[in-house]
Amino acid sequence: MKLDEDIRYIDFHSHRAGGEEHALTIKNLFAGEEVSVSLPHGIYCSAGIHPWHLTGENANELMAALKNTLKHPLVIAVGEAGFDSLKGPSIKIQYDAFIFQAQLAEEFNKPVVIHAVRSWDLLRKAKKEINPSVKWIIHGFRGKAQLASDLVSENFMISLGVEGMSPEVVEAAGMQNILLETDDSGRSISSVYSHFTSITAIGQDQLIDRLRDNFNSCFVIKE
């Protein structure tokens, strides 16, 4: 199912389940969390093993729990998954857990929501190993324009919150490679869209259409 014109705002990554009118929100779940039976209309989920919550002791348990969660029809993406050089277990444990999640993403045909902190070489190594057919999307991107340009040239997409937005990053990434998010900011997704239009030459309606197309290009929602 493709999104229709009734959806004006897409919140790619949020820690809140309260949606806005005419919005689609992807709420973040951690492996082992249950999908609520009372999610409001327009709320979907991603589920993954965040490196901050990963240890050598719980890795196998989280992997088994995640595979079950991904079977739920409202879970439309894998993640947050990724690498953090500042917090979390050893790089080997993080890498093995990420590869497992990337393989699940291929199995379930769901894009990957990526958490990456000072770990771009690891991420590139994993991408070369998996050679994914689904999209890998860097959530909460806050890097410089050159990094954005490099990542999209390697077939990543980036998701921006207000803190990561700049005209230079938007131009470097290209509109076809961008999604927007609220993360844990407490902002509304409509305000994030408004901020985006205020720093670029892109009108609100054009932005809405472009990001809806971007979403449809990498997500599959079952009716």
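Computing FRET efficiency as 1/(1 + (r/R0)^6) for residue 72 and residue 191, where r is the C-beta to C-beta distance and R0 is 25 Å, gives about 0.25.
Taking the average, over residues, of other Cβ atoms within 10 Å as the packing measure, peptides 131-139, 160-168 rank 131-139, 160-168 from highest down.
The simple spin-label model puts a point 7 Å past each Cα toward its Cβ; for residue 124 and residue 5 those points are separated by 4.3 nm. In this Cβ point-charge picture (+1 for Lys and Arg, -1 for Asp and Glu), the stretch 164-223 has a dipole of about 100 debye about its Cα centre.
Between the stretch 117-187 and the stretch 3-29, what is the C-alpha centre distance in whole Å? A separation of 19 Å, based on Cα centres. Quick check on my link table: of 27/135; 125/222; 128/222, which ones sit more than 23 Å apart, alpha carbon to alpha carbon? Correct reply: 125/222; 128/222.
Using the rule -39500 (n - 2.57) for each DSSP H run of four or more residues, divided by the residues of the chain, the 222 nm mean residue ellipticity is -11500 deg cm²/dmol. Here the simple spin-label model places points 7 Å from the Cα toward Cβ, and for residue 144 and residue 60 these points are separated by 4.5 nm. Across the stretch 1-130, the mean sequence separation of Cα contacts (distance under 8 Å, 6 or more residues apart), normalised by length, yields a relative contact order of 20 percent.
The numbers here are math on the coordinates, done by the rules we state, and not lab data. Every value quoted in this text rests on a predicted model; they were computed, and no experiment measured them. FYI the Cβ positions are ideal-geometry reconstructions off the backbone, even for glycines, and counts take in every protein chain you see.
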